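The values are calculated or read from the model by the stated rules, or taken from the named source; none is laboratory data. Note that the structure is a prediction, hence the values are computed from the model and not measured. Here the Cβ positions follow ideal geometry from the backbone for every residue, glycine too, while neighbour counts run over all protein chains shown.
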Protein chains: 2
Amino acid sequence: MSAAMSRGFGRSAGAPTLEDVARAAGVSRATVSRVVNGVRNVDPVIQDAVRRAVAATGYAPNRAARSLVTRRAETIALVVSGADDDSPSASTAFAGRTVTDPFFGRVVTGVVQFLRPRSMHPVLMFAESPADRDHVVSYLRQGSADGALVVSNHADDPLPAQLAAAGLPAVVFARPALPVPLSCVDLDHREGARLAAEHLLALGRARPVTITGPTALPAVQERLGGFRDTMARHGVTAVPVAEGGFSQESGEAAMARLLARHPDLDAVFAANDVMAQGACHVLRDRGRRIPEDVAVIGFDDGPVAASCRPALTTVRQPVEDMAAEMARLLQGHIEHPDRPATTVVFAPRLVLRESA
Amino acid sequence: MSAAMSRGFGRSAGAPTLEDVARAAGVSRATVSRVVNGVRNVDPVIQDAVRRAVAATGYAPNRAARSLVTRRAETIALVVSGADDDSPSASTAFAGRTVTDPFFGRVVTGVVQFLRPRSMHPVLMFAESPADRDHVVSYLRQGSADGALVVSNHADDPLPAQLAAAGLPAVVFARPALPVPLSCVDLDHREGARLAAEHLLALGRARPVTITGPTALPAVQERLGGFRDTMARHGVTAVPVAEGGFSQESGEAAMARLLARHPDLDAVFAANDVMAQGACHVLRDRGRRIPEDVAVIGFDDGPVAASCRPALTTVRQPVEDMAAEMARLLQGHIEHPDRPATTVVFAPRLVLRESA
DNA sequence: CTGAAAGCGCTAACAA
DNA sequence: TTGTTAGCGCTTTCAG
């Protein structure tokens, strides 16, 4: 018996390997591998012996070694792709806005909901500069992740196109401004706006205004279009608009402008809950009662909607479901590389609370 | 020239390997490896040739292969470890609460702040059941990640102990209820509570009450202790207490109870901002003006603190800095396995806004 | 049904 | 300074 063997399982330090388990069970590496990976055609008796040996040695398969041969990382990247940030503090500020955004938390929730049962976990990445985007691409090309889930908060984010060009599996949240040959999940924004408009109309409001998000976003355009069209169809031809940036401050500013120009407004449709909340603050400060004097409807139904006062009536976007669907689509593309890109559109729902 | 070689770089499909680059540059694999990894002692001229070949072939180093030999995943796990969930919907509900919690977003922000410059990315994991925790441990033992950053929201989370027992590098956010030989970052909770108490005292409030978090948490105990001690030192001997669960609803309920028993209260110190917000709602509904009739102070200084009305005066916890420090500590433990565990305590700061 | 053997792509001694 | 070589631990034909 060699010195090495007399040391026990052949290694004094380091984790036990297949080799160690094989020796302990008195079989070959191949057999242990088959048992560990649940491949059929293994004698139950041997199977048992192997399992015992695995437990005895405390064996854990080495992921790198496995990936090297299977060519699968069993990991996917969840990329938050923001606008290019030109500010000097870019490196420290980065996606703080986004990460703190409850919307992001809901996306994570949905993605994890799908991944967890499959024992997979997302790698979080932020891309806000050309260098970041290249990094994401090379991360995937290195095989560190099998595919990417992209959530952009910028209208013409170049990342989806880069990913598509590199032939990497990816799925996008919300249809990009420029069409890209990638699968994506989206909401029927027009329908959401219609829901809001009809509710306001049913409430008898005839002087509505709307606070939009950055108009470069297709989603923003559709919400605006859907709202106006529905109002027009019911005889309300002019709907004053103020553009916001999805932040509470921008919502406050937009509301203030709208109030100055249209003091007689009786309803507000904001492109997201956070801006709606900002609008509520301004409205209250100006002495308007909500919903008596002014009805307010938000969009998203994020955590703030229920926790602010008055609680927000809003158009719910099933973000968790959408995110889970993204993960499902991505898995499909990873397993079937030539599956064509598809778009899955979700239906919004009006959630009635106190503000309208 | 062989058929294989005439096909170009030797492979009709698959990503280019070191071998391909070496051939294109007319050098050995080892040299290419040195250039790619920035190792010195390589002739500048050759270095250039290699770089050119890398660009020409579109080479990207295979992470699995590298990890296999370096024994480093260059990845760390960010684990959100919740209480065991017994509800039937556990698998779908999981850490939704936590992920949507802005606190979590701040942790991610801080961790990424440290990791990003190092081109590393965190893998998100949730652990809420014994099975989940075992999974986290085996994930690390497989070498999928080099270490773990643990954020528990449960007093006696067994995960830190499991990690320590397995000898895996890990750092914990907030000192665990049971001492564990792991590094951790924490806040000086007593000091934070002292800050709040002194401010209330300076405001002339003499009938304060406090809404705590789950009292099993050491942090909660210290905030309570610090608040009471400071009050006592200034002659306020009895401070009514109501226990909450960190949620807005629990804050509302606690406030209602307190109000019923002590209608003459003139100040509230809540263990977090969310409960403080809930308290404000109840106070307002009962006709109390804030801060004129009742001064309210929260804890954390999360996103809600600034966005609710009245904006919350609160004790700021530098979560981002703490999270970044966690990552830094973890890196130290990964690179120097026998470095002893340490605890880094951060100082809180009082942020004055409108509520007190 | 099981074992032997050939790599996956890369790094790191060790030679030259 | 550069090349040669030996694996890292695993999966997977291919024989038996």
>> So, A:Gly38, is that one away from chain B (no Cβ under 14 Å), within 12 Å of DNA strand C (Cβ to nearest atom) and out of contact with any Phe, Trp or Tyr (no Cβ under 6 Å at 6 or more places or on another chain) or not?
In response: no
> So which of B:Ala73, B:Ala65 is modelled with pLDDT of 95 or more and part of a helix (DSSP H, G or I)?
Replying inline: B:Ala65
> When B:Arg328 is evaluated against the numbered criteria (1) modelled with pLDDT of 95 or more; (2) under 25 Å from the mean Cα position of the chain (by Cα); (3) crowded, with 24+ Cβ neighbours inside 10 Å, which criterion, by number, is the only one it fails?
Replying inline: (3)
>> Could you check segment A:95-147 and list, in sequence order, the residues that are within 11 Å of the chain's Cα centre (by Cα), more than 7 Å from chain B (Cβ to nearest Cβ) and of a type in the set (Gly, Ala, Ser)?
In response: A:Gly110
>> From the list B:Ala60, B:Ala22, B:Ala55, B:Ala64, exactly one residue is among the small types (Gly, Ala, Ser), within 14 Å of another protein chain (Cβ to nearest Cβ) and within 12 Å of DNA strand D (Cβ to nearest atom). Which is it?
In response: B:Ala64
>> Consider segment B:283-308. How many of its residues are closer than 21 Å to B:Asp101 by Cβ and not acidic (Asp, Glu)?
In response: 11
>> Out of the helices (runs of 4 or more DSSP H) lying entirely within segment B:191-301, which hold 2 or more residues that are within 25 Å of A:Val304 (Cβ to Cβ)?
In response: B:248-261, B:273-285
> Tell me, which residue of segment B:152-172 that is buried (at least 24 other Cβ atoms within 10 Å of the Cβ) and assigned to a strand (DSSP E or B) is nearest to the chain's Cα centre (by Cα)?
Replying inline: B:Val172
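Which one of A:Pro340, A:Pro310 is away from every other protein chain (no Cβ under 13 Å) and in a loop (DSSP other than H, G, I, E, B)? Talk me through it step by step, then tell me what you get.
Working: A:Pro310 fails: away from every other protein chain (no Cβ under 13 Å).
The unique qualifying residue is A:Pro340.
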>> If A:Ala216 meets every condition in (1) buried (at least 17 other Cβ atoms within 10 Å of the Cβ); (2) farther than 23 Å from A:Ala347 by Cβ; (3) modelled with pLDDT under 95 apart from one, which number is that one?
In response: (1)
> Can you name the condition, by its number, that B:Val345 falls short on among (1) crowded, with 23+ Cβ neighbours inside 10 Å; (2) touching an Asp or Glu at 6+ places or on another chain (Cβ under 7 Å); (3) more than 22 Å from B:Gly245 (Cβ to Cβ)?
Replying inline: (1)
>> Quick test for you: out of B:Val99, B:Val45, B:Val107, B:Val80, pick the one residue that is at pLDDT below 95, β-branched (Val, Ile, Thr) and loosely packed, with under 13 Cβ neighbours inside 10 Å.
In response: B:Val45
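Out of the residues in segment B:55-67 meeting the condition of being among the hydrophobic types (A, V, I, L, M, F, W, C) and over 29 Å from the mean Cα position of the chain (by Cα), tell me which one is nearest to DNA strand C (Cβ to nearest atom).
In this case the residue turns out to be B:Ala65.
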